[in-house]
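Read the structure below first, then the notes.
The values are calculated or read from the model by the stated rules, or taken from the named source; none is laboratory data. Since the structure is predicted, the reported quantities are computational estimates derived from the model, not experimental observations. With ideal geometry, Cβ positions are generated from the backbone for all residues, glycine too; neighbour counts draw on all protein chains shown. Accessible surface is based on the protein model in full, side chains and every heavy atom, while ligands, DNA and RNA are left aside. Shrake-Rupley method; radii C 1.70, N 1.55, O 1.52, S 1.80 Å.
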Amino acid sequence: VDKWICIAPHIEKKLRTEATYEPANKLKLIRPGISLDKWPLKTKQTDGYQVGMVVGDIWDLKNPIAGMNIFAVLCKQFPKLPWKLRIRGQYEAGNEYYPVMYKHFIESRGLQNRITIEGPVDNMNDFYEEIDLLLHTGLKEGFSYAVCEAMAKGIKPVINKFYGSEDIWLEEYLFDTYDEAIGMLITRKEPEKYRKYIEENYNM
């Protein structure tokens, strides 16, 4: 191999410390980013209680069930508030149990009118326009374009502290426990601040 390209600083760090070859001249870190022109600040006025999750394929490492559990506790603690959760994701092919499992979770918690699982979305800008908060519960990430796009639009991120997350996102956007996630979901939002962070760090 002549060149290695990493997209995440924690992966680069691991390769440099654990590689059995000398990676200095072969390894290059290229950080991902987005074009801010494609992700303008959201203009639609929503009620402040619309939560979104973007998981792609619904599978264990994206950890959507944790997000649904956090949301279920949130609704139990604040039952009179109009919380809604929209999950952009499709069931992983070949796992017929997932649709049954998620349907049961939603119905057994009485969340039929609060949680919607959507398939692919043609225009993600439209999806982000409908939400106030982005809940990201992934266990394995090299980055997260969903977080980056949402923040560019001024949407508050609530991010699971996955391996390497501290090298990508500010500590104030990360949670360790469900209680911390809920605390972040119910506290005030700062749209311009989130967009500025992307502008300064991940603007391509």
query = Tell me, in nm to one decimal, what length is gained between Val73 and Glu199 on full extension, where the rule is 0.36 nm per residue of separation less the Cα-Cα distance?
reply = 42.0 nm
Net charge of Cβ neighbours under 9 Å - reference Thr46; Lys, Arg +1; Asp, Glu -1 = -2
key: Carbon and sulfur %, accessible surface of the chain computed with the full protein complex present, 1.4 Å   = 52
remark   = Taking placed amide H atoms and a strict 5 Å upper bound, the residues 5 or more places from Ile117 or on another chain that come that close are Ile87
query = Can you flag which of Lys80/Lys161; Lys42/Lys196; Lys44/Lys84; Lys140/Lys193 are past 24 Å Cα-Cα?
reply = Lys80/Lys161; Lys140/Lys193
message = Please give me the summed charge of the neighbours of Asp122: other residues whose Cβ is under 14 Å from its Cβ, Lys and Arg +1, Asp and Glu -1.
response = -3
inquiry  = Accessible area per residue for the chain in Å², computed with a 1.4 Å probe and the full protein assembly in place, what is it?
reply    = 54
task = Out of all DSSP beta bridges with both ends in the stretch 1-153, state the antiparallel percent to the nearest 5.
result = 0
query = Once you list every other residue whose beta carbon is under 13 Å from the beta carbon of Glu141, what net charge do they have if Lys and Arg are +1 and Asp and Glu are -1?
reply = +1
remark   = Sequence order, the stretch 5-20: Karplus ³J(HN,Hα) from phi using 6.51 cos²θ - 1.76 cosθ + 1.60, θ = phi - 60°, Hz rounded, Gly and Pro as x, gives 10, 10, 10, 9, x, 6, 6, 4, 4, 5, 5, 5, 8, 10, 5, 8
remark   = Computed over the stretch 2-53, the convex hull of the Cα set has an average projected area, in nm², of 6.4
task = For the stretch 28-97, take the alpha-carbon Rg, divide it by the Kirkwood Rh, and send me Rg/Rh.
result = 1.07
inquiry  = Which residues among the stretch 76-114 fall inside the zone where the amide N is under 20 Å from a point 7 Å beyond the Cα of Asn125, along Cα→Cβ?
reply    = 88
note = At q = 0.09, 0.15 1/Å the base-10 log of I(q)/I(0) from the Debye formula over the alpha-carbon atoms of the chain is -0.37, -0.96
Mean separation of Cα contacts under 8 Å, 6 or more apart, over the residue count of the stretch 1-153: relative contact order % = 33
